[in-house]
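Written out below as structure tokens is the structure these notes cover.
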Amino acid sequence: MMNSIDNIGVDPDSVPAKTLSTGARIPAIGLGTFGSDNYSGDEIARAVIDAASVGYRHFDCAAVYGNEHLIGPALRQVMHSGVRREDLWVTSKVWNDRHDDVVASCEQSLRDLKLDFLDLYLVHWPFPNTHAAGVDVASRDAHARPYIHDDYRKTWAQMETLVARGLVRHIGTSNMTIPKLDLLLRDASIKPAANEMELHPHFQQPALFQYLLDHEIVPIGYSPIGSPSRPARDRTPEDTVDVDDPIIVKIARRLGVHPAVVCVKWAAQRGQIPIPFSVKRPQYLATLQAIVGEPLTEEEMCEIAGTDKNNLLIKGQVFLWKENQPWEDLWDMDGEIKQ
Ligand SMILES: NC(=O)c1ccc[n+]([C@@H]2O[C@H](COP(=O)([O-])OP(=O)(O)OC[C@H]3O[C@@H](n4cnc5c(N)ncnc54)[C@H](OP(=O)(O)O)[C@@H]3O)[C@@H](O)[C@H]2O)c1
């Protein structure tokens, strides 16, 4: 539904929200803020201000995106324009090289984002392995390690202190698998409120998705459009393109929208929270309108379910810890955590 300023935006009150296990409400769509090689921090900060003016209230940030110091002033401007802090939802993430230093990392993000608290703070990856920005997928961290649950528990315990200290309202995970979540749920005092993961029509992760719902963990779906503008280094010849899928294109034609909009509509209707990235007003407005507009039919939802190709795009090769190791080792494909 459009608000009174026709075609300029969406009334934020009309944007659906999802209820977390704590009872808090999180807007059912967020704006991604990772510009990769394509967009500068300044462009993204400007997009945050304008996206808020057209109705976005949820922003997905991370220390490693290198732009929180620019998004902070943007959020300040949004609040000066009259948006209340309690109506915003801001997520940030601790990067892999700060797993031993979570509190200081969170405090830095809070300073950069110019906030007193975060709505959600995530452990960005389950591995402490890192890489320089923009490196080739063949690059490896000389100190890389496999997933070590005792270490992750210590990181999670620091995450829990953030809640106790009021620095964050919710904590969550990202890029996790069922075996790793099994261990975390067994050991956590505060269970994750959300798990951020790659989710788009060609990569639906049905088992993990259902696991999260069963455990009252909200799935947040990154690369919801299939990350069509990701850099060449993140592409393989086998990758498929969601926005070119004949089913997605057919539905887009019926609705008179871009296929990207269909991907986002499907995501929200399925029950995950999409966090599409864009710095272009027509695009982020279209994706916001997607989730308040006419829903997909049941038949269309089924058709899109059938387009799944198990095509993981962000394979995470830079986090591998052995020579000549397949990227599948990061994702516990056979139910075992690889060492
Ligand atoms: N937790 C994690 O590990 C993790 C990993 C990856 C991403 N993320 C988060 O997820 C966010 C989104 O992921 P992503 O950027 O990889 O992929 P994405 O949202 O699937 O794709 C973004 C691209 O789609 C195009 N687009 C967006 N809206 C459109 C529209 N309405 N019509 C046509 N094209 C449209 C734009 O391409 P053009 O720019 O070419 O126009 C944009 O750059 C990131 O910004 C980040 O916040 C998290």
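A few comments on the model shown:
- The set of residues in region 278-331 that are among the charged types (D, E, K, R), part of a loop (DSSP other than H, G, I, E, B) and within 11 Å of the ligand (Cβ to nearest atom) contains only Lys280.
- Residues located in region 30-60, provided they are in a loop (DSSP other than H, G, I, E, B) and closer than 14 Å to Ala194 by Cβ: Gly30
- Tyr147 fulfils the conditions (1) within 16 Å of the ligand (Cβ to nearest atom); (2) within 23 Å of Asp60 (Cβ to Cβ) except for a single criterion, (2).
- Odd one out for Lys250 among (1) surrounded by fewer than 18 Cβ atoms within 10 Å (Cβ to Cβ); (2) in a helix (DSSP H, G or I); (3) within 8 Å of the ligand (Cβ to nearest atom): (3)
- Count of residues meeting criterion [within 12 Å of the ligand (Cβ to nearest atom) and in contact with a Lys or Arg (Cβ under 8 Å, 6 or more places away or on another chain)] in region 64-73: 1
- Scope region 268-288; condition over 21 Å from Phe34 (Cα atoms) and of a type in the set (S, T, N, Q); matching residues: Gln269
- Some residue of region 134-145 being under 28 Å from Leu75 (Cα atoms), in contact (Cβ under 8 Å) with a residue 40 or more places away in the chain, not acidic (Asp, Glu) and not in a helix (DSSP H, G or I): yes
- Close Cβ contacts (under 7 Å, 6 or more residues apart or on different chains) running from residues in region 274-301 that are under 12 Å from Val10 (Cα atoms) to residues that are part of a helix (DSSP H, G or I) and within 9 Å of the ligand (Cβ to nearest atom) comprise Ala286/Val261; Thr287/Ala260; Thr287/Val261; Thr287/Val264; Ala290/Val261; Ala290/Val264; Ile291/Val264.
- Meets criteria (touching a helix residue (DSSP H, G or I) at 6+ places or on another chain (Cβ under 9 Å), over 30 Å from Ala45 (Cα atoms), aliphatic (A, V, I, L, M) and without any contact (Cβ under 8 Å) to a residue 60 or more places away in the chain) for Ile148: no
- Within region 26-57, the residues that satisfy the criterion of being in contact with a Lys or Arg (Cβ under 7 Å, 6 or more places away or on another chain), over 18 Å from Pro282 (Cα atoms) and modelled with pLDDT of 95 or more are Ile26, Pro27, Ala28.
- Verdict on Ala104 being aliphatic (A, V, I, L, M) and either within 15 Å of the ligand (Cβ to nearest atom) or not in a helix (DSSP H, G or I) (or both): no
- Annotation note: of Asp234, Asp239, the sole residue that is within 25 Å of His58 (Cβ to Cβ), touching a Leu at 6+ places or on another chain (Cβ under 8 Å) and surrounded by 14 or more Cβ atoms within 10 Å (Cβ to Cβ) is Asp234.
- In the set Gly271, Gly256, only one residue is surrounded by fewer than 19 Cβ atoms within 10 Å (Cβ to Cβ), within 14 Å of the ligand (Cβ to nearest atom), small (Gly, Ala, Ser) and over 30 Å from His131 (Cβ atoms); that residue is Gly256.
- Boolean, Tyr211 is under 18 Å from Val279 (Cα atoms), modelled with pLDDT of 95 or more and either among the aromatic types (Phe, Trp, Tyr) or more than 14 Å from the ligand (Cβ to nearest atom) (or both): no
- Filtered by the rule that a residue be of a type in the set (Gly, Ala, Ser), within 19 Å of Asp37 (Cβ to Cβ) and either away from the ligand (no atom under 14 Å from the Cβ) or not in a loop (DSSP other than H, G, I, E, B) (or both), region 214-239 gives a lone residue, Ala232.
- Close Cβ contacts (under 8 Å, 6 or more residues apart or on different chains) running from residues in region 177-191 that are under 17 Å from Ile220 (Cβ atoms) to residues that are modelled with pLDDT under 95 and in a helix (DSSP H, G or I) are absent.
The values are calculated or read from the model by the stated rules, or taken from the named source; none is laboratory data. These numbers were taken from a predicted model, which means no experiment stands behind them. Neighbour counts run over all protein chains shown; Cβ positions are idealised from the backbone, glycine included.
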